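Report on the following structure.
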Amino acid sequence: MLEAATNPHLKSMTIAASDAIPWPIIVHASSINPLFVTVGDVLTAVHDALHTLITEYEYQLVLLPNMVVGNRYWNGMKRVSLLGGRHWWAGLSRSQEGPEIWNLHLQR
C-alpha cells in the first residue's frame, strides 16, 4: 500500500471521467509519503469518491432506468450506486491525455 502507484512517480494524478465514472477523481500524495502517490492513496481516493453522496446533477448525468428524478429518489444515494453493477476493480491505465491522467477500469 505504500508503494508508488505510478512509474515515474507523481505527486498527484487524475482518474479521468469515463463511462465507468462521470466525474474525475483527484489523487494527491498523502502525508504518509508526500513524495509520491501511493497505491494506498489511489485506493483511498477511489473509495472516498464512490462513497460520496451524489448530487441531483450527477444523477441526471447517469439517469438510471426505473428511477425518477422528480421524486428525488436519488437523494441519499452514494456514487457507487451509479456504477450499474460494474463494481469490480479491473485496474488503471495511462490516458493518452498526459502522464498525470489515468483511466479507471471496472467490470461486472
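Here W88 fulfils each of the conditions (1) touching a Leu at 6+ places or on another chain (Cβ under 9 Å); (2) modelled with pLDDT of 75 or more; (3) surrounded by 12 or more Cβ atoms within 10 Å (Cβ to Cβ); (4) not basic (K, R) apart from (3).
Take the conditions open to solvent by less than 20 Å² (accessible area, probe 1.4 Å), touching a residue at least 40 places away in the same chain (Cβ under 8 Å) and hydrophobic (A, V, I, L, M, F, W, C) and apply them to I54. Does it pass? Steps first, answer last, please.
On the way: open to solvent by less than 20 Å² (accessible area, probe 1.4 Å): yes; touching a residue at least 40 places away in the same chain (Cβ under 8 Å): no; hydrophobic (A, V, I, L, M, F, W, C): yes.
It is false that I54 is open to solvent by less than 20 Å² (accessible area, probe 1.4 Å), touching a residue at least 40 places away in the same chain (Cβ under 8 Å) and hydrophobic (A, V, I, L, M, F, W, C).
Taking the stretch 7-51 as the range and being more than 16 Å from R79 (Cβ to Cβ), surrounded by 14 or more Cβ atoms within 10 Å (Cβ to Cβ) and without any contact (Cβ under 8 Å) to a residue 60 or more places away in the chain as the test, the residues that pass are A29, S30, N33, F36, V37, T38, G40, D41, V42. Among S81, S95, which is under 14 Å from the mean Cα position of the chain (by Cα) and either hydrophobic (A, V, I, L, M, F, W, C) or modelled with pLDDT under 95 (or both)? Result: S81 is the single residue among S81, S95 that is under 14 Å from the mean Cα position of the chain (by Cα) and either hydrophobic (A, V, I, L, M, F, W, C) or modelled with pLDDT under 95 (or both).
Per-residue answers, yes or no, for (1) closer than 26 Å to Q60 by Cβ; (2) modelled with pLDDT of 95 or more; (3) under 9 Å from the mean Cα position of the chain (by Cα):
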{"residue": "M1", "(1), (2), (3)": "no, no, no"}
{"residue": "A4", "(1), (2), (3)": "no, yes, no"}
{"residue": "P8", "(1), (2), (3)": "no, no, no"}
{"residue": "A17", "(1), (2), (3)": "yes, no, yes"}
{"residue": "I21", "(1), (2), (3)": "yes, no, yes"}
{"residue": "H28", "(1), (2), (3)": "no, yes, no"}
{"residue": "D41", "(1), (2), (3)": "no, yes, no"}
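The values are calculated or read from the model by the stated rules, or taken from the named source; none is laboratory data. Keep in mind the model is a prediction, meaning the values are calculated, not measured. Using ideal geometry, Cβ is built from the backbone for each residue, glycine included, and neighbour counts are taken over all protein chains shown. Each accessible area value is taken on the protein alone, full model and side chains, heavy atoms only, with ligands, DNA and RNA left out. Shrake-Rupley method; radii C 1.70, N 1.55, O 1.52, S 1.80 Å.
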